[in-house]
Every structure is written in C-alpha cells, then in structure tokens.
Amino acid sequence: MNTERSVTISRLLNILALLALLGVLAGSLHLQFGVGEQPCPLCLVQRSGMFGLAIGPAMNLWWGIRARHYALSILAACAGSAGSIRQVLLHIYTPSDPGYGPAFAGYHLYTWALITFIIAIVGCAVLLLWETPLLAHDRGIRDASPRMRILAFTTVFWTFIDLLIVAISVIPECQAGMCPDDPANIAGVGDSAGWILVLCPVILAFILGLIANRKLLRD
C-alpha cells in the first residue's frame, strides 16, 4: 500500500471515529433535550472525556496525522473511563439500584461510554503502530481531496457545535456552583422532536464545511 492511499484510509478512520463519538453524544443529548433527563456530574465528566477524545481525530484531520494527536486522545479516554468506571461501580455496589437513566440494549449510557473509551484506547494504540501515515508529513485538510475536505470540515464543525451546546446547557443546571448529584428533570421536547433538535447541528456543520472548503480553494 503506497503512502497516499495509507493517509487517505487513515483520514477516513479518523472521520469514522469522530462520527462514532458524535453518535454516542447524540444519544446523551437526546436523553437530555428529548426525554428531559439532566446529566449528573459524572455524566458531565464522561462527556468531557468524549470531547477530549475527539481532539485527536480532529487535529489529525485539520493539521495532519501525528502520534501526539493519538496520545492526547488516549489520555482523554483514560480520564473519561475513570468517570465511567466510578459510575458503574456506584450502581454495582447497591444490588437493588436500577442505575441512572434509561438503558439502551441492556446497558446504561455510562456503560456504553466505558465501552467507547476502551475501544478508543485500543484503536489509537493500533493506529500508532501503523507508521506509514505518521511518517508521510501529511498537512491535513490542505492535502485532502475536495470531498474528503468537506467531510472532514463537517465532522470537525459538528463536534465543535455539540461542544458549545453541552457547555451552554450546563450553565442553567450548575449555575455558578457545584452541579447537583441528582439533577431535577426538565420538560423534554419529545422523542421525535428531540432527535430533530440533536441532529440539526449536522446541517449547520455541513453548510460551514462547504463555506470553509470554498474559502480554502480561493486561498
């Protein structure tokens, strides 16, 4: 496999990694805005870990594939998994405890978060063993094809928009003090409306991606 093809495949893997993270975050945001269940402090720790985990793929797409970018993701995944393990153990400790929030496919979101962090750590470690893209002196988005640039721009902007949504939504819940251990539920917008609301950033991110790609071509 030549260097160019290796870099292209590596970019696609980074985009898929971001999309997987955004899918997990979409589930948690739907639970918050659609169902109305506010995130607990440990849930916020795990969300922060998810966004920290997204830094590596985003930097790989933007500035080029580097070992240090994967290392940042591994560190973020370790921090996020600590929050997940803490929450899992809290509910295991009390056998009668039904767990926090609804379950999906038999597991609560904090368990899915732990699975995501473990997969991410293993995945980043495997990609670090693949030396060809790391030694290619990739310049990121500037070296990508137009379609790949638009896809990369869209996923990175989507991640940033979700980060803003989470950061802003924390303000009314926690205000200027500590976040409540068991926050009161809010009035959700409903299942269907919740998914529409959660997925709206995709459209905005795609538009921003088209604008950024056009500007890059002009430059």
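The values are calculated or read from the model by the stated rules, or taken from the named source; none is laboratory data. Since this is a predicted model, take the numbers as computed values, not measurements. Glycine also receives a Cβ, built like all others from the backbone with ideal geometry; neighbour counts cover every protein chain displayed.
In the range 99-122, is there at least one residue being part of a helix (DSSP H, G or I), among the small types (Gly, Ala, Ser) and within 23 Å of the chain's Cα centre (by Cα)?
Checked the range 99-122: at least one residue is part of a helix (DSSP H, G or I), among the small types (Gly, Ala, Ser) and within 23 Å of the chain's Cα centre (by Cα).
Looking at the range 117-172, which of the residues that are surrounded by 17 or more Cβ atoms within 10 Å (Cβ to Cβ) and acidic (Asp, Glu) is modelled with the lowest pLDDT?
Residue satisfying both the conditions and the ranking: Asp138.
Would you pick out the residues in the range 24-51 that are surrounded by 21 or more Cβ atoms within 10 Å (Cβ to Cβ), assigned to a helix (DSSP H, G or I) and in contact with a Pro (Cβ under 8 Å, 6 or more places away or on another chain)?
Ser28, Leu31, Gln32, Arg47, listed by residue number.
Could you list all residues from the range 181-218 that are loosely packed, with under 13 Cβ neighbours inside 10 Å and either at positive phi or in a loop (DSSP other than H, G, I, E, B) (or both)?
Asp181, Asp182, Ala184, Asn185, Ala187
Starting from the range 68-90, take each residue that is within 26 Å of Leu134 (Cα to Cα) and list its partners that are of a type in the set (Ser, Thr, Tyr) and part of a helix (DSSP H, G or I), counting only C-beta distances under 9 angstrom and pairs at least six apart or across chains.
Listed by first residue and then by second, the contacts come to Ala76/Ser48; Ala77/Thr116; Ala79/Ser48; Gly80/Ser48; Gly80/Thr116.
Examine the range 138-150 for a residue that is free of Cβ contacts under 8 Å to residues at least 40 places away in the same chain and aliphatic (A, V, I, L, M), and state whether such a residue exists.
no
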